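One structure is given here, and the rest of the page talks about it.
Only the coordinates and a few stated rules stand behind these numbers; no lab work does. Small disclaimer: the values here were computed from a predicted structure and weren't measured. When we count neighbours, we look across all protein chains shown, and the Cβ atoms used for this are built from the backbone with ideal geometry, even at glycine.
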Amino acid sequence: MKKLINQPEQIIDEMLDGIVSASPSSVRRLEDTTVLVRKDAPVDGKVALISGGGSGHEPAHAGYIGKGMLDGAVSGEVFTSPTPDQVLEAIKATDSGSGVLLVIKNYSGDVMNFDMAAELAEAEGIETAQVIVRDDIAVDDPENRRGVAGTIYVHKIAGAKAETGASLEEVQATAQKVIDNARTMGVALSPCIMPTSGEPGFELADDEIELGIGIHGEAGIEKRKQMTADEIAAELVERLLPEVDLADQDEVAVMVNGMGATPEMELHVFNRKVQDLLQEKGVKVYDTIVGNFMTSLEMAGCSLTLLKLDDELKELLDAPSHAAAFKK
Amino acid sequence: MKKLINQPEQIIDEMLDGIVSASPSSVRRLEDTTVLVRKDAPVDGKVALISGGGSGHEPAHAGYIGKGMLDGAVSGEVFTSPTPDQVLEAIKATDSGSGVLLVIKNYSGDVMNFDMAAELAEAEGIETAQVIVRDDIAVDDPENRRGVAGTIYVHKIAGAKAETGASLEEVQATAQKVIDNARTMGVALSPCIMPTSGEPGFELADDEIELGIGIHGEAGIEKRKQMTADEIAAELVERLLPEVDLADQDEVAVMVNGMGATPEMELHVFNRKVQDLLQEKGVKVYDTIVGNFMTSLEMAGCSLTLLKLDDELKELLDAPSHAAAFKK
Amino acid sequence: MQLTVEDTIQWLKQFNDRLSEQKDYLSQLDRAIGDGDHGINMARGFQQVAEGLDGDFDEVSDVLKKTATTVMSKVGGASGPLYGTAFLKMSMECKGKDVDAAVLADMVEAALGGIKQRGKSEEGEKTMIDVWAPVLGTLQEEDFDAERLKQTAEEAMQKTEDMTATKGRASYFKEKSQGHLDPGAVSSYYLFAELADVIGKGA
Amino acid sequence: MQLTVEDTIQWLKQFNDRLSEQKDYLSQLDRAIGDGDHGINMARGFQQVAEGLDGDFDEVSDVLKKTATTVMSKVGGASGPLYGTAFLKMSMECKGKDVDAAVLADMVEAALGGIKQRGKSEEGEKTMIDVWAPVLGTLQEEDFDAERLKQTAEEAMQKTEDMTATKGRASYFKEKSQGHLDPGAVSSYYLFAELADVIGKGA
Ligand SMILES: Nc1ncnc2c1ncn2[C@@H]1O[C@H](COP(=O)(O)OP(=O)(O)O)[C@@H](O)[C@H]1O
Ligand SMILES: Nc1ncnc2c1ncn2[C@@H]1O[C@H](COP(=O)(O)OP(=O)(O)O)[C@@H](O)[C@H]1O
Ligand SMILES: [Mg+2]
Ligand SMILES: [Mg+2]
Ligand SMILES: [Mg+2]
Ligand SMILES: [Mg+2]
């Protein structure tokens, strides 16, 4: 697999500089770290939002930095959680005195590293709060569910909440509400290739797809014979709907997320069936986004996220955002 | 190659319905056509912009429909120009009486089909004007150069001009100014696969890249041994700079465009070197965008576009846009 | 010779059959020096043409007119407008006329003119024109001969192999376009081969 | 037995050598039931540890403290905080003390407690804990024996093969995680094997 890179060991460093050089007026890098923050951080009187994790999920997480979403993003090596010292730097650089919310995806590594950073921040007198995203229904045990594309909604909605001047506790509560109401499931048509080893994360035969994948090139829960876009849409919708627990008047937000190498054309074909199915089942769709939001390098496939909305979430979802990867 | 599709013959139809179902409040499809237009088309007192071409370049072209950019987009089969009757429908649906500008990429098929549509429109008493995008310097003869990613700048800037209430002639002149000042070159790391035949557009050995590719899976001008991201950046910058003809105080806009399957991480790595090189050479960068703007299905690789700016172009580039794929 | 309404319908149906048989071959030719869709484009369009030929037609011109509009709206790409224009010009040329050898020559002359104008191209640029032009030469000779028509088209098609493309997608390949047949020239050869076949049988 | 500052440095250098030798193997183990980076993570971090061991250290605790901070800031993933915590707890436990067999047992006990707390995990969940816990058992026996330490670690590591993962990335594989060694258990085995080697030579 050919990649548009230089030394694999330099890839994160070079990526971060590349991101900043594209948006020098809105994003800056903390020297000698893998942390990017809003150019104007810390923002006075505002709770700061920090997210992050392993790299390879671009535009997550740095693409979501900007007014209305994140104040900072911490990047680890490819698919490897960043270390506590890096997270701490992000916390220190974005805290305006109003406290910092850490948006953590539910992986052992992310949880532990961010948690250690929170302990270190506490020692320095900075108040932090955490939310742990666990939207991936491919994992049965709700406690053990991974954080995947639903994280984007947490950034967007909690980010908008923070812009209202809400307290750390309030922003945390809103973020938690998003987490409680977001459910995702994904499918891979082909694996991604680790830049360091040049090896695929799993093997798929020419006529196989992988259901219930995470976002780190790890294998999914089930291999299936190749299915059509419509069949995959039906499978995901059917698995997700019981999990979002909709009452009659509830509306949902829909995210069709490409895993990195799926042509946008195919995402639209997939979305068409998703919308048809939701309509058939009487589910009202308030908002839909289609694109690459939380990727796994050059994996082919997609994930589907449903987020149950209430009035607060709708208003915050519609609020402006200046993030490079999520302008609103 | 696995694809997230149903019947290959249905792919365009389903994609178009999918796009509309994601943005039902901003885009609509003209019944029994492959034309998408602004929901509020025709827009009173405004010159309309129509673009289009073969499909497979998503988010081009329908993703650029919206206030500040296109009024309509016409989609052909994958990599095949749409037919005159379809273009005519787009013209009729978007003309408010102020005339319609056709943004055409310089391919025999596109030029002929849009031209025939213009003749038909004339017969119906609708005024049209045309611009022909030819930014791809991989083709030596300037007259014969293909239209590629530079087309996005034409959409953006001429679209903003149209929103000012400018006349058809003025909008055409601005579009032509963009064309005269935009230059692009691309490179492929792997070919794309035609959904109909399942065949790749060209063959590349494991250690080869293809320089000077177009956007239709056609082969490029030169096969090269695998190069690093920095080497490719240097090659493209060196070829482009003499073609943009910069004076001392000139500023440029930079577009790093992914061909469809290149992880965004790699685009940032590539962009870093581009920016370094431009800085070294004393070229002032006014604006940079990095992402998938004009793709070739799941081709891996990227293109680099440089656009020389003047005050008018800067102002119009900065103007708001509501297009799904280019919010500003 | 005489080309009737039935002959014309037969011609177009045979052409469609040939295209659907050779669809992959034509696309493969186009993959070498283009974008690999010529067979798909032509087969898609002429399938529709064939399906529209069951109605009543007063004269040859009407059949060709209907063909032209279908081709223009169903083929797409470069070949759509070019074949569409060709059929339209042929239709206009024979309007109100019986199609004998002389009228046929005039029709092909009009079509060739239309293709050149639409494509802004000339002979020798490695396109379908390089079949249409020699075919016109043959038709303009005194004694019409179906076999010679077919042979001329075939030889002309073969000659595109050594040419260098300067129009259409193949032109991006410059010298590398040599050694490959032009797909549009091959489909044009099929068109005239089937015409020769129909006329040959009728004569 | 006695673990000196030099022994400790030697131990960590040997561990680093072992990790860089086995980097691909560890990553391959992680590819089967995780995300394929355990070897890369560990090798990256302990390379830095090894490079930082050339300074002057007053006591074993200082070596371990420095190791802990380097591991925490250079390894990342799940193994970073876990090994980092382990070394930090060991360092705190032996502060101001000479490291004999009894202190070593206390150190591993503290480390194991730290890992469990940090990872919210217990024995039997197919993680590195399943090596650390049996190793602690051996160290807590009366007569210290380097060879037995190594054997215990090795057997414990082997036993993770049949376990079902309930923590970390491997837990997503559920029953399918059976039949694969846990990568963190294997790297922990290397850690104790090199410790046994250093102590064995010193004794
Ligand atoms: N400018 C032109 N003039 C004449 N014929 C042309 C021109 N451009 C293309 N062609 C013909 O069209 C054929 C290609 O048709 P097709 O593959 O269907 O369209 P596209 O090139 O748009 O994919 C070429 O083989 C050539 O014969
Ligand atoms: N919660 C946990 N408690 C104890 N050990 C764990 C836990 N999670 C993971 N591990 C250990 O970490 C190892 C994986 O480390 P590594 O691959 O470096 O990190 P990651 O899983 O983040 O990619 C596993 O093999 C396991 O031994
Ligand atoms: Mg990892
Ligand atoms: Mg084509
Ligand atoms: Mg073609
Ligand atoms: Mg791992």
Legend entry - Environment charge at C:Lys95 (Cβ cut-off 12 Å; Lys +1, Arg +1, Asp -1, Glu -1): -3
Legend entry - A:Lys314 paired with B:Asp44, simple spin-label distance in nm, labels 7 Å along Cα-to-beta-carbon: 2.9
Legend entry - Whole-Å distance, taken between Cα centres, linking region D:107-176 and region A:201-229: 32
Legend entry - Label-point separation, B:Glu119 to C:Gln140 (7 Å along Cα→Cβ), nm: 2.2
Legend entry - In region A:103-136, the GluC sites (Glu not before Pro) that fall in loop regions by DSSP, at most 12 other Cβ within 10 Å: A:Glu124
Legend entry - Karplus-derived 3J(HN,Hα), 6.51/-1.76/1.60, for each residue of region C:157-171, Hz, glycine and proline x: 4, 4, 5, 5, 4, 8, 7, 9, 6, 10, 10, x, 4, 4, 5
Legend entry - Nearest-first distances (nm) between copies at D:Gly52, label 7 Å from Cα via Cβ: 7.6
Legend entry - 19 Å reach of a label modelled at C:Arg148, 7 Å along Cα-to-Cβ, counting backbone N of region C:98-136: C:100-109, C:131-136
Inset, instruction - Report, for B:Pro320, each distance to the same residue's label point in the other copies, shortest first and in nm; define the point 7 Å along Cα→Cβ. - result: 0.9
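Under 8 Å for C-alpha pairs, at least 6 residues apart: give me the relative contact order for region A:151-217, rounded to a whole percent. The partial results should precede the final answer.
Numbers: 56 pairs, mean separation 17.7, N = 67.
After rounding, I find 26 percent.
If we count other beta carbons within 10 Å of each Cβ, what is the order of B:Lys67, C:Lys126, D:Lys201, fewest first?
On the way: B:Lys67 18, C:Lys126 29, D:Lys201 10.
Listed from fewest to most nearby Cβ atoms, that is D:Lys201, B:Lys67, C:Lys126.
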Legend entry - Copy-to-copy label separations for B:Gln10, where each label sits 7 Å from Cα toward Cβ, in nm and ascending: 4.9
Inset, instruction - Just grab the label-to-label distance for B:Lys327 and C:Glu175, each label 7 Å out from Cα along the Cβ direction, in nm (one decimal). - result: 5.2
Inset, instruction - Would you tally the net charge around C:Glu125, using a Cβ to Cβ cut-off of less than 15 Å, leaving C:Glu125 out, and scoring K and R as +1, D and E as -1? - result: -1
Legend entry - Calculated from backbone phi, Karplus (6.51, -1.76, 1.60) coupling profile of region C:123-138 in Hz, x at Gly/Pro: 4, x, 9, 6, 9, 4, 4, 6, 9, 4, 5, x, 4, 4, x, 4
Inset, instruction - Rounded to the nearest Å, what's the spacing between the alpha carbon centres of region A:66-80 and region D:29-70? Just the number, please. - result: 25
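Over region B:8-181, what relative contact order in percent results from Cα pairs under 8 Å that are six or more residues apart? Walk me through the numbers before you get to the answer.
Working: 374 pairs, mean separation 36.2, N = 174.
Relative contact order of region B:8-181: 21 percent.
Near A:Asp135, within a Cβ-to-Cβ distance under 15 Å, what is the net charge of the other residues, with Lys and Arg +1 and Asp and Glu -1? If you can, show how the numbers build up before the last one.
Numbers: positive: A:Lys105, A:Arg134, A:Arg145, A:Arg146, A:Lys156, A:Lys177, A:Arg183, A:Arg239, A:Lys308; negative: A:Asp110, A:Asp136, A:Asp140, A:Asp141, A:Glu143, A:Asp180, A:Glu243, A:Asp245.
Result for the local shell: +1.
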Inset, instruction - For the protein assembly as shown, build the charge dipole from Cβ charges (+1 Lys, Arg; -1 Asp, Glu) around the Cα centre, then report which of C:Leu195, B:Ala325, A:Asn144 sits farthest towards its positive end. - result: B:Ala325
Legend entry - Relative contact order of chain B, pairs being alpha-carbon contacts under 8 Å that are 6 or more residues apart, as %: 18
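Using Cβ counts within 10 Å as a stand-in for footprinting exposure, how do C:Arg31, A:Arg29 rank, fewest first?
Working: C:Arg31 24, A:Arg29 17.
Starting with the residue having the fewest Cβ neighbours, the order is A:Arg29, C:Arg31.
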